[in-house]
Structure formats: structure tokens, C-alpha cells
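Novice: What follows is a single structure, and I will ask about it in a moment.
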Amino acid sequence: MNKRMTIGLFTDVFFPMIDGVVNVVDNYGKCLSKEADVYVFAPDYGEIKNLDKLPYKVIRTKSIKIPKLDYRLTIPEIDITFREDVSEIELDIVHIHSPFAIGMYGINYAKAHKIPVVATLHSQYKKDFYERIKNAYITNIATKELMRRFNKCDRLLAVNEEVAKVFYEYGAHIMPMVTNNATDLLPFMNNGYVSELKERYHINTKEKVLLYVGRLDAIKNLDFLIDSLILLKNYDFNFKMIFIGSGPFEDYMKKKINKNGLQDFTVFTGRIMDRTELSAHYKLANLFLLPSLYDSSSLVQIEAASQNTPTLFIEKAVTASTVKDGINGYISRNSSQKYAEKIVDIFKNENEYKNISRNAYRELYITWDQIVDKLKEIYSNVIETHNSQ
């Protein structure tokens, strides 16, 4: 970027909520702020602390809590204070991270001010809609409306090749460009602290440490994962399963775990906000488990790779598109029994496991600075093309 840009990142989910989109927006904001003025437009969740520590400015709009969900319905169009705050900012480019109320507000801002707008496609919205409402007709209508909004953007960015294909099938006018996700985690070098974690969680030398990090939500296929853990216990496989995160499915998970006698095999830590602490837990783990068929490009698999920890996916998972089974990670057939059997097989050959772990680090670990360098080029090209029209 030749001159200092003013960039607007519009998102319908943000801190204190934590998910993949929040992490992407936060890391874009941090990296871009080194060379640009960055504003994040996001929902208001009530009392928010420590935002003064962020290197970018956050502008909040009023929102309404959605029953039974952690997400909120934003209402920027009728929030006078938000509209006044936005009107005082002269953006050079808009980057939306959702097609909902705040994302649509960003599109309208860009059109009104004759500046370009790009959109990152984070989720498989059609699958998400159907999972929530179980109605194909309404799902198709909702997906068409979202694509109508996305097609107003000057450039669409997908988090991997498979997501690009999905949105082209949804009705994108042109094939989206790929800008992969990344991580801010650095390799954790304090082996002494890892030993302390083993003591904290009562992990003995014979146990393999299995890890899940993310929202505890049914849509993440966590019931499937618990079924696999039950089988592992029946196979007399020595393991300790650590769940990091929180969410609406947590109570159900704990009840099922207790019912099946898995209390001594599992640990629920809650959310871990400190990034160094989180990296230590990835370092502690022998294998990261990601059974989700919902995620498009999960950040956690890259976070795991940063600590030489490979991930086990389910076949046909879009988020596994960068992974080669038995090379830099593992892919199981879509069966809790096969998933459990795969876990057992992974640790039968120690040398092969070590090679795959190293390959996960070498081939899958990428930092946000690397990705944002590409993003800055995209911004510059989009602005140049827009101004020449």
C-alpha cells in the first residue's frame, strides 16, 4: 500500500464472543494496523473491557440476543449513534465478514461512498441454514438472498479451494479468490510448563492426549466424538481427552460422558483466552480431533500444526482440503467406530507418527503476517480497478 489506507472490517460477531470469524477479523485488524487505519464495525454485547488495548478502533452497534444461541441480531440501520459514528469516517475500502445486518451496512456504505467492497466467505451458509431450520425451501430462498448480497461486492475471498467451489455452486458470479486462514501462535518451547499441565490434568506417561478446541455446539459433531471416546475406552486405549471451549452443548456432553463412565478420561477447561497458554495445550496434545463437517476452514487445525500436533478429520470435511491422509494429517471414514479405530492405528507406528507431525508443522503452519501481505495486494488491486472504471 503506497499511502496509509483507512480500512473498514464489518462483522456480525466479535469479542467477547470467540469463534473463527472473530479470530480472523482480530488478526486482520492487528496486522493491517501496522500500515493502515483500521476500524472494526461489530455488535455491542453490553459491558466490554480491555478494547483499549487493541491497535484498531472498534465501533459498536446495538444488538439483540438470539434465544438459545450465543450470537446476536444487530440493528445498525436504526442505531442513530452508530450511524453518526460511521458517517464521520472516510474509508478507502470496505471488507465484510458476514452477509447479515452489519455486512449489508458495509455494502451500502461502499456503494454510497463509491468505494470498493470485498467479502470473505467464512461459512457454508446453506448447510448452516438447513441445520438450524430443517426446511429445504426456506434454506434455498435464504441462500439466494445472501448470494445476491455477496454478488454486490467487487471481490469475493474464500478461505480455501473447496469453499470457493461451494460458493460458486451457491451462485457467485465469479470464482472467489483463495486467501487461507492462519494463526498468531508461535511454537511453544517451555517443556517444563507442559510437564506442569500433565500434572494438573493427572496425565500419566502411558496416556495419549487428545484435544478439541472450539465452540461446544452440536453442529460441530461432538456427539459423534463422544461416541468415539466411548469406543476407545472399551478398546482399553489409554487416553486423556481435553475439551477447550464453551457453548450450548456443554451440559449435554458432560451428562453423556458421566453416563458412560468417561469422567476420568476427560477434562473440560472452559475457554482459554491467553494465546500462550493455548499454545501450551496444543503442545501438550498428541492428536487434535476435529470431527466437524460444518467448518469451512477451521483456524484450530493450523494452531495445532504450529505445535507439531497433527489433526484427525472426517472424510469429505471441507476444512480438511489442505490435508493429505498419512502425509500431514489424518482422515477417517464417517463412522464413530472407524474414527476410534483410526486413533488407535495412528499410534501404532511411532516413527510414522513423528514424520506426519513434522509435516503438519512444515506444510500447514502459516502466520497472519504472511496472509495479510497478500490481502494488502488484493486491496490495492481492487481499489485501482475500481478507480479506473
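Novice: Once Rh for region 212-288 is found with the Kirkwood sum over Cα pairs, what is the Stokes-Einstein diffusion coefficient at 10 °C and 1.306 mPa s, in µm²/s?
Specialist: D, rounded to a whole number, is 122 µm²/s.
Novice: What is the ratio of the Cα radius of gyration of region 61-150 to 2.2 N^0.38 Å, where N is its residue count, to two decimals?
Specialist: 1.20
Novice: Follow-up. Under a Cβ-only charge scheme (Lys and Arg +1, Asp and Glu -1), can you give me the dipole magnitude of region 1-139 about the Cα centre, in debye to the nearest 20?
Specialist: Computed charge dipole of region 1-139: roughly 340 debye.
Novice: Could you give me the ³J(HN,Hα) list for region 331-341, computed from phi with Karplus coefficients 6.51, -1.76, 1.60 and θ = phi - 60°, whole Hz, x at Gly and Pro?
Specialist: Running phi through 6.51 cos²θ - 1.76 cosθ + 1.60 with θ = phi - 60° gives 10, 10, 5, 7, 8, 4, 5, 5, 5, 5, 5 Hz.
Novice: Further, regarding this structure: If amide hydrogens are placed 1.01 Å from N in the peptide plane, which non-local residues have theirs closer than 5 Å to the one on L287?
Specialist: Long-range HN contacts for L287: V209, L211.
Novice: Compute the normalised compactness of the chain: alpha-carbon radius of gyration over 2.2 N^0.38 Å, N being the residue count.
Specialist: In units of the 2.2 N^0.38 Å rule of thumb, it is 1.01.
Novice: How fast does region 332-378 diffuse by Stokes-Einstein, in µm²/s, taking the Kirkwood radius from C-alpha pairs at 20 °C and 1.002 mPa s?
Specialist: Calculated translational D: 160 µm²/s.
Novice: Order these peptides, 165-172, 72-79, by their mean beta-carbon neighbour count within 10 angstrom, highest first.
Specialist: Descending mean neighbour count gives 72-79, 165-172.
Novice: Using only alpha carbon pairs under 8 Å that are at least six residues apart, calculate the relative contact order of the chain and give it in whole percent.
Specialist: 15 percent
Novice: Scan around F10 for amide H atoms under 5 Å from its own, H built in the peptide plane at 1.01 Å from N, and keep only partners 5 or more places away or cross-chain.
Specialist: For F10, whose amide H was placed from the backbone, the distant partners under 5 Å are F41, H95, I96, H97.
Novice: GNM on the chain, C-alpha springs below 10 Å: top fluctuator among F239, F268, F14?
Specialist: Of F239, F268, F14, the Gaussian network model singles out F268 as fluctuating most.
Novice: I would also like to ask the following. Under 5 Å between amide hydrogens, which residues at least 5 positions from V178 or on another chain qualify, with H placed 1.01 Å from N in the peptide plane?
Specialist: A158
Novice: Something else about it: Scattering from the C-alpha atoms of region 300-389 alone, worked out with Debye: what is log10 I(q)/I(0) at q = 0.11, 0.12, 0.16, 0.25 1/Å?
Specialist: Debye output, listed in q order: -0.43, -0.49, -0.69, -1.21.
Novice: Shifting gears a bit: How large, in Å, is region 191-364 by the Kirkwood hydrodynamic radius built from its alpha-carbon pairs?
Specialist: With all distinct Cα pairs of region 191-364 included, I get 16.0 Å.
Novice: Still on this structure, I have one more. Roughly how many whole Å is it from the C-alpha centroid of region 333-357 to that of region 263-324?
Specialist: Taking the Cα centre of each part, region 333-357 and region 263-324 sit 15 Å apart.
The numbers here are math on the coordinates, done by the rules we state, and not lab data. It should be emphasised that the depicted structure is a prediction, and the values quoted were computed from it without experimental measurement. In this analysis, Cβ positions are derived from the backbone assuming ideal geometry, glycine residues included, and neighbour counts consider all displayed protein chains.
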